[in-house]
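Here's a structure for you.
The values are calculated or read from the model by the stated rules, or taken from the named source; none is laboratory data. Source: prediction; values computed, not measured. Ideal geometry is used to build each Cβ from the backbone, glycine not excepted, and the neighbour counts take in all protein chains shown.
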């Protein structure tokens, strides 16, 4: 039950899809619509004048500053709240530092120094532009090497050794916002089998769409300009940027924080998460379950931002690796019996094997 | 074959699901009156503290029952006729069975304190969904509370009340908190932690009289003559097998402290099993056994399911282990710590200035149990050391292997003060 008083009501209302949560969602939604579509489709451009007044080069710099501020403030709160948990302290510190440096100030400083505004913390296929031929031809060669080697070698290799968490909950800005400012909403993700099914279809669809966008872009650079494929590729790239880059990651991804939890984008639509998830399934990362100690309380499932029903594994004594798990470590933190730990080990664990038959959900005990 | 299970707690539900795994065609019905769906009783406190919704307490998705073809009946059993093999429900319905499993669970002990019968409002237990409802109804108007009892449920209720800003007195009859499981040093650490959280802890005092005004609880007066006022009286003095409703049945199985069963969970009535918190297992060589732990109920249910289908499996309790959390102090216990006689040698390590300690109980040559507080431990490794009869020296050398803390957060086992003394 909620705590007494106005503060108790507000705290409960905003974190349990109450009126204030819907209002907050509408505000964030509007913010992103104005940010992405301001000046087009009849949407007023409210942010560019503000950026100008503050002496910033564009509204995107203003947005980057606000985004970093949200991560730093939310991060400080996280550090206080989980000060007893070293994993959370280390992880949150890293995510804050990466956002402030690689995610914001480094690209701005590069630009000041006459270099390209390059984000080292974003890689293909999340930052799909870095594989588009116009980026490859315009960027100085060290950046191109980093783009290619980073996306094709660094990301999967680190994924094999540490799971997707090295990126999704330690480096990435999307995950960074979710795990700091988004903390009050993490429990709202749906844990149903249906949403798991949707997630698998949606995220791999976006991954294929991203691969297709890259292939078309690279292909059209090799084809003569009058080829019909070039026109199609241009249109497709624009639609992909609009749907995935603006609507799914921003407007819906962040706009729905107070309603559907913090990782809607990461869980259902991020092509990078899809790829890292596939790597994770063959990699070393897993969540280990201590035998027979689970009391099925369900705090782990409740506070899983990716909507994994952790309890269904814990209560059946099953260590597991789920493709979607970003390794935030919160299931281990909230478990009152210390049942769960995150670890990197070479061991052959069942992958998504909790349901052996239709509706399989037993509570077996190894005897 | 129609298997009817009375009780939709963890024992009954495990039995139902395991029976279904075993036989796809048997008709299985679970009758339970407390809630419509199986829920995790251990999580009641998290619902009380707004960490979870009621629905989150259900460990299985609701369509599991349809998919697994297990019938659920939300009702109480009012009569049982063993000759007709038939149950009568409060709603008037009768259910015929071929095999009956009684997984009735436990209920809160009722004290006989003077003046308690006059109290109509303000007294709560904390073991059922109905108790949670009662607690939640009282919290908004309450300023002070008194919780009586020195066990796990008591400390859970105290934590919930403190969370809601209610000034709470925790009244413990014993000289220190939970002597059945903790040593004096360990308990003093827990009590110090409780006091840091603002709890008024009173030890070695018991309720003599309960005061009320107009049927509303106002205070308890203890044997030492002290008076503790409050709006809520939490009674958490242990649980007992839930046999009350059974007394009105035409054919009730024999019971002592629980329904008497053999090691195959058979009662004295043919075709009727009992398991979980409500049963007392009679064992030919050792004393009767009553287990009231989540995992033991699961094990009981699983063994019953096998015996129903003629596997003839005798129940063997594992090396004892359990874990808990006292506010923020995590607790893991393994082996025979509780019943170790006074003077049993122990190695006690305590980390100065922190609520962290480890106690290793041994008989001179081999380790027989562990009590670990303030950090996380892997019960599997500790149990293995007990069954492998490892020496204290071996265990101390390898202690770090049993740690189960979060990454980067492994508790430093160095710099602990160490004493080898009878505890």
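For residue B:46, state whether it is buried (at least 20 other Cβ atoms within 10 Å of the Cβ) and at the interface with another protein chain (Cβ under 10 Å from one of its Cβ atoms). Show your work before the answer.
Details: buried (at least 20 other Cβ atoms within 10 Å of the Cβ): yes; at the interface with another protein chain (Cβ under 10 Å from one of its Cβ atoms): yes.
Yes.
In addition: Need a quick list: helices (runs of 4 or more DSSP H) entirely within the stretch A:91-176 having at least 1 residues that are touching a helix residue (DSSP H, G or I) at 6+ places or on another chain (Cβ under 7 Å) and farther than 28 Å from residue A:225 by Cα. Before you say what the answer is, go through the steps one by one.
On the way: elements: A:106-112, A:133-138, A:141-149, A:155-162, A:165-168.
Per the criteria, A:106-112, A:155-162, A:165-168.
Let me ask something additional. Return a yes/no flag: does the stretch B:97-106 have any residue that is under 25 Å from residue A:1 (Cα atoms), more than 14 Å from every other protein chain (Cβ to nearest Cβ), buried (at least 18 other Cβ atoms within 10 Å of the Cβ) and in contact with a strand residue (DSSP E or B) (Cβ under 9 Å, 6 or more places away or on another chain).
So in the stretch B:97-106, the residues under 25 Å from residue A:1 (Cα atoms) come out as B:106.
Okay, now just the ones that are also more than 14 Å from every other protein chain (Cβ to nearest Cβ), so B:106.
Next cut, buried (at least 18 other Cβ atoms within 10 Å of the Cβ) only: B:106.
Within this subset, residues satisfying the condition of being in contact with a strand residue (DSSP E or B) (Cβ under 9 Å, 6 or more places away or on another chain) are B:106.
The answer is yes, given that some residue of the stretch B:97-106 is under 25 Å from residue A:1 (Cα atoms), more than 14 Å from every other protein chain (Cβ to nearest Cβ), buried (at least 18 other Cβ atoms within 10 Å of the Cβ) and in contact with a strand residue (DSSP E or B) (Cβ under 9 Å, 6 or more places away or on another chain).
When residues of the stretch B:31-43 are filtered for being more than 8 Å from every other protein chain (Cβ to nearest Cβ) and part of a helix (DSSP H, G or I), how many remain? Show your work before the answer.
Residues of the stretch B:31-43 more than 8 Å from every other protein chain (Cβ to nearest Cβ): B:31-39, B:41.
After this cut, where a residue has to be part of a helix (DSSP H, G or I) as well, the list is B:41.
Total meeting the criteria: 1.
Conditions tested, residue by residue: (1) without any contact (Cβ under 8 Å) to a residue 12 or more places away in the chain; (2) assigned to a loop (DSSP other than H, G, I, E, B); (3) within 14 Å of another protein chain (Cβ to nearest Cβ).
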position: B:330; (1), (2), (3): no, no, yes
position: B:340; (1), (2), (3): no, yes, no
position: B:346; (1), (2), (3): no, no, no
position: B:353; (1), (2), (3): yes, yes, no
position: B:358; (1), (2), (3): no, no, no
position: B:368; (1), (2), (3): no, no, no
position: B:375; (1), (2), (3): no, yes, yes
position: B:383; (1), (2), (3): no, no, yes
position: B:390; (1), (2), (3): no, yes, no
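Any chance the stretch B:404-415 includes a residue that's within 29 Å of residue A:331 (Cβ to Cβ) and not in a loop (DSSP other than H, G, I, E, B)?
No: the stretch B:404-415 contains no residue that is within 29 Å of residue A:331 (Cβ to Cβ) and not in a loop (DSSP other than H, G, I, E, B).
Of all residues being in contact with a helix residue (DSSP H, G or I) (Cβ under 6 Å, 6 or more places away or on another chain) and either surrounded by 24 or more Cβ atoms within 10 Å (Cβ to Cβ) or more than 15 Å from residue B:305 (Cβ to Cβ) (or both) in the stretch B:1-27, which is nearest to the other protein chains (Cβ to nearest Cβ)? Just the residue, please.
Applying the filter and picking the extreme gives B:14.
Turning to a different aspect of this structure: How about the stretch A:35-45: which of its residues are within 14 Å of residue A:62 (Cβ to Cβ) and in contact with a helix residue (DSSP H, G or I) (Cβ under 7 Å, 6 or more places away or on another chain)?
Keep residues of the stretch A:35-45 that are within 14 Å of residue A:62 (Cβ to Cβ), which gives A:35-36, A:38, A:45.
Hits for the stretch A:35-45 are A:35, A:36, A:38.
Let me ask you something else. Could you tell me which of the residues A:300, A:304 is part of a helix (DSSP H, G or I), within 13 Å of chain B (Cβ to nearest Cβ) and either farther than 30 Å from residue B:324 by Cβ or touching a helix residue (DSSP H, G or I) at 6+ places or on another chain (Cβ under 6 Å) (or both)? Write out each step before concluding.
Numbers: A:304 fails: part of a helix (DSSP H, G or I).
Exactly one residue qualifies, and that residue is A:300.
Give, as residue ranges, the helices (runs of 4 or more DSSP H) completely inside the stretch B:96-215 that count at least 1 residues that are under 30 Å from residue B:369 (Cβ atoms). Spell out the reasoning first.
On the way: elements: B:129-138, B:152-163, B:184-196.
By residue number, B:152-163, B:184-196.
Taking the stretch B:52-81, which residues are touching a strand residue (DSSP E or B) at 6+ places or on another chain (Cβ under 7 Å) and in a loop (DSSP other than H, G, I, E, B)? Steps first, please.
We begin by selecting, within the stretch B:52-81, every residue touching a strand residue (DSSP E or B) at 6+ places or on another chain (Cβ under 7 Å); these are B:65, B:70-80.
Of everything in the stretch B:52-81, those that are touching a strand residue (DSSP E or B) at 6+ places or on another chain (Cβ under 7 Å) and in a loop (DSSP other than H, G, I, E, B) turn out to be B:75, B:76.
Right, next: Check every one of the helices (runs of 4 or more DSSP H) wholly within the stretch A:1-70 and list those with 1 or more residues that are crowded, with 17+ Cβ neighbours inside 10 Å, modelled with pLDDT of 95 or more and within 14 Å of another protein chain (Cβ to nearest Cβ).
Working: elements: A:5-15, A:19-37, A:47-53.
In the stretch A:1-70, A:5-15 are the helices (runs of 4 or more DSSP H) which contain 1 or more residues that are crowded, with 17+ Cβ neighbours inside 10 Å, modelled with pLDDT of 95 or more and within 14 Å of another protein chain (Cβ to nearest Cβ).
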